[in-house]
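Note sheet for the following structure.
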Amino acid sequence: MSADFIAHVGAHVALAGSALVLALAIGIPLAGMAADRPLPRGLLLALAGGFRVIPSLAILTLALPLLGLGFRPALLALVVLALPPILVNTDVGLRAVPRATLEAARGTGMTERQIGTRVRWPLALPVVAVGVRTAAVEVIASATLAAFIGGGGLGDYIVGGLQTANLPELVLGAVSVAALALLADAALGYAQRRLAV
Amino acid sequence: MGVRYANASVPAVHDVDLAIEAGQFAVLLGPSGCGKSTLLRTINRLVEPTSGTLLIDGGDVRERDATELRRGIGYVIQAVGLFPHYTVAQNVGVVPKLLGWEQVRIDARVDELLRLIRLDPARYRDRKPRELSGGEAQRVGVARALAAQPRVLLMDEPFAAVDAIVRASLQDEIARVHRELGTTIVFVTHDVDEALRLADRIVVMNAGHVVQTGPPAEILEHPADDFVRDLVGVDAETRRLALERPLIER
């Protein structure tokens, strides 16, 4: 395995991984704060719906004049892509916790914080995990697009292979991305089953 | 005392002047929507009175921290509300843990309580709520409420969701627990027979206020008005006869 290939895998994982971590850091607290507030929640879910229909390539193109070429616009596009499943699943997970369970928690004398950390979030977590898994797979697959604006990663092989009509190079890129996505899906699927009640 | 919810045109509870004695088994009885659950929930401050005061042992509950107050009051609801991600033992041990008991003391207390509600600790301690029947789950709910030796136990239609046979056995259990522990119990139900069976004192409610209070026999023999007469119904005579037999034999 050439050093070049390993560098490309590394760049791809770094890009997708940063996008996912950033989307988690933004999406989970945001959805958590909005879950019980009708207006912010409505706005947030509308935003998630909006993000979902914008093509990643369009965001890349729009980000170009602002953020230039390379890693940063690619990261932005991928965060936008990863946010909807994280926002929606966090919201669904938190709101699916039965009222009776929360009422019982309040009745036992838990503080609001304890209800959150001991009851509500642990019960929401398996559903949140499904969103993280969806987001991870989408981000790994779409990180390929970064190559169009010099963001690097395995997309370089696909773009390069297309431009020079080099089929083996193109296939190498495509298969590697697919393998990476499947690997992440399997790993997160395992984690998700461990979390299930 | 009264409670008016925001946006409500009529108060949910009004002009309630009620004293429940320590050690009593008091049953709040009335049709759905009469305010009995709201009244119950003012005791542990899940609902705040909008007028008047509520005293426990002479102290205004509003002067106490709500979470600290609730840790000293057992609370059992119809939907049980066991924590699905906790084992039976963890559920029962929730309040002792909040109170900072040492784990060995919690474990001992959990086993003691499981035996009290007649579930074998060895078999049930590590089960998850989904592995329990409805009746077993409600027994665990009762054990959880009793865990930190509360002086008051609040029960909101606790046995309404289980079938008649299980309900009868749960009623026997709670009557026995009350006799053994002497805990003050405030119990909400719309089931007249359940009220007559369990109560030392029945508090009949309608449309947000107390219509009559008294021991079961008195409610049956001297209903205060037509509402109470209709509630205890045409079977009042048979129900009165049933009262004459001690609970343990029924």
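Find the residue count for the stretch B:9-39, including only residues that are among the hydroxyl-bearing types (Ser, Thr, Tyr) and not in a loop (DSSP other than H, G, I, E, B). So the answer is 2.
Quick check: is even one residue across the stretch A:106-116 among the hydroxyl-bearing types (Ser, Thr, Tyr) and either under 27 Å from residue A:63 (Cβ atoms) or in contact with a Phe, Trp or Tyr (Cβ under 8 Å, 6 or more places away or on another chain) (or both)?
Checked against the condition, which is being among the hydroxyl-bearing types (Ser, Thr, Tyr) and either under 27 Å from residue A:63 (Cβ atoms) or in contact with a Phe, Trp or Tyr (Cβ under 8 Å, 6 or more places away or on another chain) (or both), the stretch A:106-116 yields at least one hit.
Considering the stretch B:40-70 alone, what residues qualify as being on the phi < 0 side of the Ramachandran plot, outside any helix (DSSP H, G or I) and surrounded by 16 or more Cβ atoms within 10 Å (Cβ to Cβ)? Passing the criteria: B:44, B:46, B:47, B:49, B:50, B:54, B:56. Here the helices (runs of 4 or more DSSP H) wholly within the stretch B:71-121 that include at least 3 residues being more than 10 Å from chain A (Cβ to nearest Cβ) and free of Cβ contacts under 8 Å to residues at least 24 places away in the same chain are B:103-116. Please verify whether residue A:126 is within 20 Å of the chain's Cα centre (by Cα), within 14 Å of chain B (Cβ to nearest Cβ) and in a helix (DSSP H, G or I), treating the condition exactly as stated. Yes, satisfied. For the stretch B:77-92, filtered to residues that are at pLDDT 95 or above and within 18 Å of residue B:153 (Cβ to Cβ), the residue that is surrounded by the fewest Cβ atoms within 10 Å (Cβ to Cβ) is B:91.
Table: residues versus (1) within 16 Å of the chain's Cα centre (by Cα); (2) surrounded by fewer than 20 Cβ atoms within 10 Å (Cβ to Cβ); (3) of a type in the set (Val, Ile, Thr); (4) modelled with pLDDT of 85 or more.
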| site | (1), (2), (3), (4) |
| --- | --- |
| B:190 | yes, yes, no, yes |
| B:203 | yes, no, yes, yes |
| B:207 | no, yes, no, yes |
| B:214 | no, yes, no, yes |
| B:221 | no, yes, no, yes |
| B:227 | no, yes, no, yes |
| B:231 | no, no, no, yes |
| B:244 | no, yes, no, no |
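Exactly one residue among B:175, B:143, B:161 is in contact with a helix residue (DSSP H, G or I) (Cβ under 7 Å, 6 or more places away or on another chain), touching a residue at least 40 places away in the same chain (Cβ under 8 Å) and in the same structural domain as residue B:109 (by TED's automatic domain parsing), and that residue is B:143.
Across the stretch B:90-102, a minimum of one residue is classified as in contact with a Leu (Cβ under 8 Å, 6 or more places away or on another chain) and closer than 30 Å to residue A:122 by Cα. Assess whether residue B:185 counts as being buried (at least 21 other Cβ atoms within 10 Å of the Cβ), in a strand (DSSP E or B), in contact with a Pro (Cβ under 8 Å, 6 or more places away or on another chain) and not assigned by TED's automatic domain parsing to the domain that holds residue B:113. When the stated conditions are applied, residue B:185 does not pass them. Can you pull out the residues in the stretch B:172-182 that are within 17 Å of residue B:74 (Cα to Cα), surrounded by fewer than 20 Cβ atoms within 10 Å (Cβ to Cβ) and not basic (Lys, Arg)? Residues satisfying the conditions are B:173, B:175, B:177, B:178, B:180, B:181, B:182. Among the criteria (1) surrounded by fewer than 21 Cβ atoms within 10 Å (Cβ to Cβ); (2) over 17 Å from the mean Cα position of the chain (by Cα); (3) at pLDDT 90 or above, the one residue B:23 does not fulfil is (2). Only a single criterion out of (1) among the hydrophobic types (A, V, I, L, M, F, W, C); (2) without any contact (Cβ under 8 Å) to a residue 24 or more places away in the chain; (3) within 14 Å of residue B:20 (Cα to Cα) is not satisfied by residue B:210, namely (2).
Reported count of residues in the stretch A:61-107, each being more than 14 Å from chain B (Cβ to nearest Cβ), more than 19 Å from residue A:21 (Cα to Cα) and part of a helix (DSSP H, G or I), is 10.
The values are calculated or read from the model by the stated rules, or taken from the named source; none is laboratory data. Because the structure is predicted, anything quoted here is derived from the model rather than measured. Cβ atoms come from the backbone with ideal geometry, glycine included; neighbour counts cover every protein chain shown.
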